[in-house]
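In what follows, a structure is listed as structure tokens, so that the remarks can point back to it.
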Amino acid sequence: MTNQFKLLFLALCFTNFNIVKASVYKIDTTQVEKFPLRFDLPNDHWHLAASNPPVKYIFKRDPVTNADGRQIIPAIMILAEDASNFKQDVALFCSQRMQPFQDRGVKVPRLLIWQDKDYPVAIKNSILARGEYVDKDVDHIIYMIYVIDRHDKGIQVYLDMTKDIADQYEPEFLKTIRSLQLAP
């Protein structure tokens, strides 16, 4: 994924555009488009906003009104790419894919790996980071998950929302994170 695409993702996360409603909120992209990951969306407030099967999916939540009356649209973006050049080194894959975010001010105080106690992702060879950043004077939370599967597919999962709604809506992110599974 290019740096420009990552920057575009951050800009798209909170931009309104036509949202295509998914017929159900349980998504199994592996059956139709050979996507290397299965996951559940948290509930029927989440909808497919953009896709480029089988390499990119962006989901947006119905708008949430924060305490200031602003409409906030949390987003989930899932990407897949060839990662054979990383030779199963998920730490290197994570480092290279996360660097553009850090260059733009995302602070990641701690990385978790699948061997850590209470790791919420049920996938080995994965790394999870919970970061924070400020965009236009608004604090954000972003989860970044990096996986390399046995077929050398590099999978990136980004979940982004503003910090002011996290107390109420972060459990939706955790539900999706816990549902992540590699395709058979």
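The values are calculated or read from the model by the stated rules, or taken from the named source; none is laboratory data. Keep in mind the model is a prediction, meaning the values are calculated, not measured. With ideal geometry, Cβ positions are generated from the backbone for all residues, glycine too; neighbour counts draw on all protein chains shown.
Test residue 106 against the stated conditions and say whether it is of a type in the set (A, V, I, L, M) and crowded, with 17+ Cβ neighbours inside 10 Å.
The answer is yes for residue 106.
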Check the stretch 151-171 and report whether any residue there is part of a helix (DSSP H, G or I), over 17 Å from residue 92 (Cβ atoms) and under 13 Å from the mean Cα position of the chain (by Cα). yes
In the stretch 125-150, how many are surrounded by fewer than 15 Cβ atoms within 10 Å (Cβ to Cβ), at negative phi and either part of a loop (DSSP other than H, G, I, E, B) or in contact with a Cys (Cβ under 8 Å, 6 or more places away or on another chain) (or both)? 1
Can you name the residue in the stretch 48-82 that is touching a strand residue (DSSP E or B) at 6+ places or on another chain (Cβ under 6 Å) and small (Gly, Ala, Ser) and, of all such residues, is nearest to residue 164 (Cα to Cα)? 75
For the stretch 20-66, what are the residues that are of a type in the set (Asp, Glu) and at pLDDT 90 or above? 40, 44, 62
Give the residues of the stretch 88-102 that are surrounded by fewer than 19 Cβ atoms within 10 Å (Cβ to Cβ) and touching a residue at least 60 places away in the same chain (Cβ under 8 Å), sorted by residue number. 88, 100
Residue hits (the stretch 36-80; crowded, with 20+ Cβ neighbours inside 10 Å, in contact with an Asp or Glu (Cβ under 7 Å, 6 or more places away or on another chain) and part of a strand (DSSP E or B)) are 75
